[in-house]
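Enquirer: Dropping a structure here in structure tokens format, bear with me for questions.
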Amino acid sequence: MTGPTSNNWSYRYWFKGKERWLGLGSFKDVSLKKARLARDAAHLRVRAGVDLVQEKRRAREEQKAAVSAEKARTFEECAQAYIDECWNSWSKKHRNQWPSSLKRYAYPTIGQLKISEIRPSHIYELLKTDLA
């Protein structure tokens, strides 16, 4: 249940010919009884065909993606940041034109979308609306 220099409980198993090690917790946080129960549950899942290490890795990656997607800004937020950055270098006419054009054409369609969610079809619809 433990590696030679480890201070953690581990479960060693083989999956498709590869040796895998699954951490079950540290000695100070997990009792021997709980570690054995966790090992037995893990053993049953491995026998059912689940690669626990890969499953754990995938869950971590999904969590990271969810956090970064949550932090991603919307088109409207990015546009406003750009306007704020360029505001002093623009003429009065330009200062009025940018925000009003974005509010009229872009924000209703893509304003609340994250940048990564905007597709070419969204841009096409915006251009089509402008021509009508």
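The values are calculated or read from the model by the stated rules, or taken from the named source; none is laboratory data. Here the structure is a predicted model, which means the values were calculated and not measured. Note that each Cβ is placed from the backbone with ideal geometry, even for glycine, and that neighbours are counted across all protein chains shown.
Enquirer: Would you mind stating whether Val50 is assigned to a loop (DSSP other than H, G, I, E, B) and in contact with a helix residue (DSSP H, G or I) (Cβ under 8 Å, 6 or more places away or on another chain)?
Expert: Working: assigned to a loop (DSSP other than H, G, I, E, B): yes; in contact with a helix residue (DSSP H, G or I) (Cβ under 8 Å, 6 or more places away or on another chain): no.
It is false that Val50 is assigned to a loop (DSSP other than H, G, I, E, B) and in contact with a helix residue (DSSP H, G or I) (Cβ under 8 Å, 6 or more places away or on another chain).
Enquirer: Across region 27-42, which residue is surrounded by the fewest Cβ atoms within 10 Å (Cβ to Cβ) among those that are out of contact with any helix residue (DSSP H, G or I) (no Cβ under 8 Å at 6 or more places or on another chain) and within 18 Å of Val53 (Cβ to Cβ)? If you could, list the steps in order and put the result at the bottom.
Expert: Looking only at region 27-42, we keep the residues that are out of contact with any helix residue (DSSP H, G or I) (no Cβ under 8 Å at 6 or more places or on another chain), and these are 27-29, 31-41.
Now restrict to residues that are within 18 Å of Val53 (Cβ to Cβ): 35, 38-41.
Details: Ala35: 21, Ala38: 18, Arg39: 18, Asp40: 10, Ala41: 13.
In this case the residue turns out to be Asp40.
Enquirer: Name every residue in region 7-34 that is part of a strand (DSSP E or B) and either touching a residue at least 60 places away in the same chain (Cβ under 8 Å) or of a type in the set (D, E, K, R) (or both), in order of residue number.
Expert: Here is the first cut: in region 7-34, the residues part of a strand (DSSP E or B) are 8-15, 18-26.
Arg12, Lys18, Glu19, Arg20 - these are the residues of region 7-34 that are part of a strand (DSSP E or B) and either touching a residue at least 60 places away in the same chain (Cβ under 8 Å) or of a type in the set (D, E, K, R) (or both).
Enquirer: Go over the candidates Lys33, Lys64 one by one and state the one that is closer than 30 Å to Asn7 by Cα and at pLDDT 95 or above.
Expert: Numbers: Lys64 fails: at pLDDT 95 or above.
Unique residue meeting the criteria: Lys33.
Enquirer: Show the residue pairs that are 6+ apart or on different chains and have beta-carbon atoms under 7 Å apart, the first residue being within region 36-50 and in the same structural domain as Arg12 (by TED's automatic domain parsing), the second being of a type in the set (Phe, Trp, Tyr).
Expert: Matching pairs, first to second residue: Arg39/Tyr11; Ala42/Tyr11; Val46/Tyr13; Val46/Phe15.
Enquirer: So Arg58 clears everything in (1) assigned by TED's automatic domain parsing to the domain that holds Glu117; (2) exposed (fewer than 12 other Cβ atoms within 10 Å of the Cβ) except one condition, right? Which one?
Expert: In the conditions (1) assigned by TED's automatic domain parsing to the domain that holds Glu117; (2) exposed (fewer than 12 other Cβ atoms within 10 Å of the Cβ), Arg58 misses (1) alone.
Enquirer: Looking only at region 53-66, count every residue that is closer than 30 Å to Glu117 by Cβ and either part of a loop (DSSP other than H, G, I, E, B) or of a type in the set (A, V, I, L, M, F, W, C) (or both) and tell me the total.
Expert: Within region 53-66, the subset closer than 30 Å to Glu117 by Cβ is 54-66.
Adding the requirement that they be either part of a loop (DSSP other than H, G, I, E, B) or of a type in the set (A, V, I, L, M, F, W, C) (or both) leaves 59, 65-66.
The total comes to 3.
Enquirer: Let me ask something else. Output the residues belonging to region 67-80 that are aliphatic (A, V, I, L, M), at pLDDT below 90 and assigned to a helix (DSSP H, G or I). Please lay out each step first, then the result.
Expert: Initial filter on region 67-80 (aliphatic (A, V, I, L, M)): 67, 69, 72, 79.
Add one more test, that the residue is at pLDDT below 90, and what stays is 67, 69, 72.
Val67, Ala69 - these are the residues of region 67-80 that are aliphatic (A, V, I, L, M), at pLDDT below 90 and assigned to a helix (DSSP H, G or I).
Enquirer: Can you name every residue in region 82-123 that is assigned to a helix (DSSP H, G or I), within 23 Å of the chain's Cα centre (by Cα) and loosely packed, with under 14 Cβ neighbours inside 10 Å?
Expert: Correct list: Ile115, Ser116, Glu117, Pro120.
Enquirer: Looking only at region 44-66, decide whether some residue is within 30 Å of Gly111 (Cα to Cα) and aliphatic (A, V, I, L, M).
Expert: Checked region 44-66: at least one residue is within 30 Å of Gly111 (Cα to Cα) and aliphatic (A, V, I, L, M).
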